[in-house]
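To keep things clear, I will list the structure first and then write my remarks on it.
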Amino acid sequence: MTDIYTEPRPARPRAPEAQAPAPEPSTPDVVAPSTAARIRRLVLLAVVLAAAGWGLVRWLARRNIVATDNAQVDGHITPIAPKVQAFVTRVLVDDNQFVKAGDTLAVLDDRDLQLALRQAEAALALARSQAGGRSEAGQAAAQLGTARAQAAGAVSSVGAAEARFRQAETDLRRYRSLAANRVIPAQQLDQAQTAYDQAAANLEAARRSAAAAASQVTAASAGIRSADARLAAAQAAVETARVDVGYTVLLAPVDGVVARRRVEPGELVQPGQALLSIVPIHELWVTANLKETQLADVTPGDAVTFEVDTYRGVEFEGTVESVSPATGARFALLPPDNATGNFTKVVQRVPVRIAVDGQQDPAHPLRPGLSADVKIRAR
């Protein structure tokens with residue numbers, strides 16, 4: 001076997017060994033939070049506490065809230081009606097027109113009433129010019145003075161007649177005693193009897209005269225009262241006619257808006273006939289019909305917020321003014337009577353009057369009849 005000579009290969013240079021990385025410094029097991037993370041947690045905790053506090057406040061606030069949507073805005077509606085019968089001459093207002101107290105609304109024909117006034121004034125002048133230029137009351141007063149003077153004279157005459165009668169009675173009694181003892185003749189006794197009879201007749205006549213004079217005084221007094229009554233009646237007739245003339249001008253009694261005009265010029269109107277109405281829009285309130293189960297904590301003075309369907313999102317402020325003394329069903333045309341047959345319990349509603357606080361908002365005016373949602377903060 002032949003040896004084959006093989007030239008040895010040069011050794012490859014060995015790659016240098018990778019140096020191991022320098023050991024990192026050791027760190028503790030628990031890593032301390034950074035300042036930013038701590039602030040975030042504090043802010044989150046504050047938000048949670050604030051939300052919890054807000055929710056608690058809302059819950060406490062809502063716990064005493066009495067709410068209902070059975071409510072409406074109310075107000076006075078003043079009807080305008082004439083007090084006399086007459087034809088309408090002019091109508092100066094129209095529907096939805098604002099008027100002030102004292103403004104003229106309509107004018108009636110006053111010619112017939114003016115004639116009645118002149119007749120009443122003439123009757124009064126006649127009553128004052130009775131008996132030749134002197135008033136009837138003056139004549140009656142003069143007659144009363146005369147009657148009183150005559151009555152005074154008659155009373156004096158009665159006094160004198162009574163004195164003479166007593167004297168004649170005494171003389172007659174004395175003469176009768178003397179005649180019984182035969183001291184005086186019978187002729188003197190007869191004279192005493194005659195004097196007594198004459199004194200009694202004079203006394204009776206004086207008393208009748210006094211009674212007649214007293215009757216004259218009474219009649220004269222009645223004449224004065226009658227004359228005064230007739231004069232007062234004539235004066236009252238004049239005043240009544242003047243008032244009737246004033247009724248021909250219809251004036252607005254309050255500030256408000258005209259509504260439901262139902263009269264035209266030339267129409268014959270009767271006393272009490274409704275011609276139009278005035279709604280004083282500045283004197284409004286809210287009537288909330290609460291269930292009887294909601295009234296336990298509602299008292300006058302409680303604060304109220306309410307909205308009307310016309311202005312959603314606009315809140316108005318008010319105050320509970322009063323609570324009705326009876327349920328609304330009691331004022332119905334046919335009040336329910338639970339004793340007539342089958343009984344079904346129905347929760348009753350009680351009207352609560354709520355005063356509107358503040359002045360009317362021109363941008364959101366309230367009108368009687370608007371539906372409202374009411375929230376009462378019961379104390």
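Each row is one residue, and each column tells you yes or no for (1) modelled with pLDDT of 90 or more; (2) in a strand (DSSP E or B); (3) under 30 Å from Pro82 (Cα atoms).
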{"residue": "Val286", "(1), (2), (3)": "yes, yes, no"}
{"residue": "Val298", "(1), (2), (3)": "yes, no, no"}
{"residue": "Gly301", "(1), (2), (3)": "yes, no, no"}
{"residue": "Asp337", "(1), (2), (3)": "no, no, no"}
{"residue": "Asn342", "(1), (2), (3)": "no, no, no"}
{"residue": "Gly358", "(1), (2), (3)": "no, no, no"}
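When Ala274 is tested against the conditions (1) part of a helix (DSSP H, G or I); (2) surrounded by 13 or more Cβ atoms within 10 Å (Cβ to Cβ), the lone failure is (1).
Could we say that Gly313 is out of contact with any Phe, Trp or Tyr (no Cβ under 9 Å at 6 or more places or on another chain), touching a residue at least 60 places away in the same chain (Cβ under 8 Å), among the small types (Gly, Ala, Ser) and assigned to a loop (DSSP other than H, G, I, E, B) here? Against the criterion (out of contact with any Phe, Trp or Tyr (no Cβ under 9 Å at 6 or more places or on another chain), touching a residue at least 60 places away in the same chain (Cβ under 8 Å), among the small types (Gly, Ala, Ser) and assigned to a loop (DSSP other than H, G, I, E, B)), Gly313 does not qualify.
Conditions tested, residue by residue: (1) of a type in the set (Val, Ile, Thr); (2) in contact with a Lys or Arg (Cβ under 9 Å, 6 or more places away or on another chain); (3) more than 26 Å from Gln359 (Cα to Cα).
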residue	(1), (2), (3)
Ala241	no, yes, yes
Val258	yes, no, no
Leu276	no, yes, yes
Leu284	no, yes, no
Lys291	no, yes, yes
Gly301	no, yes, no
Thr305	yes, yes, no
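Close Cβ contacts (under 7 Å, 6 or more residues apart or on different chains) running from residues in region 355-371 that are among the hydroxyl-bearing types (Ser, Thr, Tyr) to residues that are in a loop (DSSP other than H, G, I, E, B) comprise Ser371/Asp309. Across region 170-213, the number of residues qualifying as farther than 28 Å from Ser157 by Cα and in a helix (DSSP H, G or I) comes to 7. Please state which of the following conditions Thr327 fails to meet, knowing it meets all the rest: (1) polar (S, T, N, Q); (2) more than 16 Å from Ala71 (Cβ to Cβ); (3) at pLDDT 90 or above. Condition not satisfied by Thr327: (2).
Determine, yes or no, whether Ala32 is more than 30 Å from Thr305 (Cβ to Cβ), out of contact with any Lys or Arg (no Cβ under 9 Å at 6 or more places or on another chain) and modelled with pLDDT of 80 or more.
no
The values are calculated or read from the model by the stated rules, or taken from the named source; none is laboratory data. Bear in mind the structure is a predicted one, so any value in this text is a computation, not a measurement. Because the Cβ atoms are built from the backbone with ideal geometry, glycine has one as well, and the counts that use them run over all protein chains shown.
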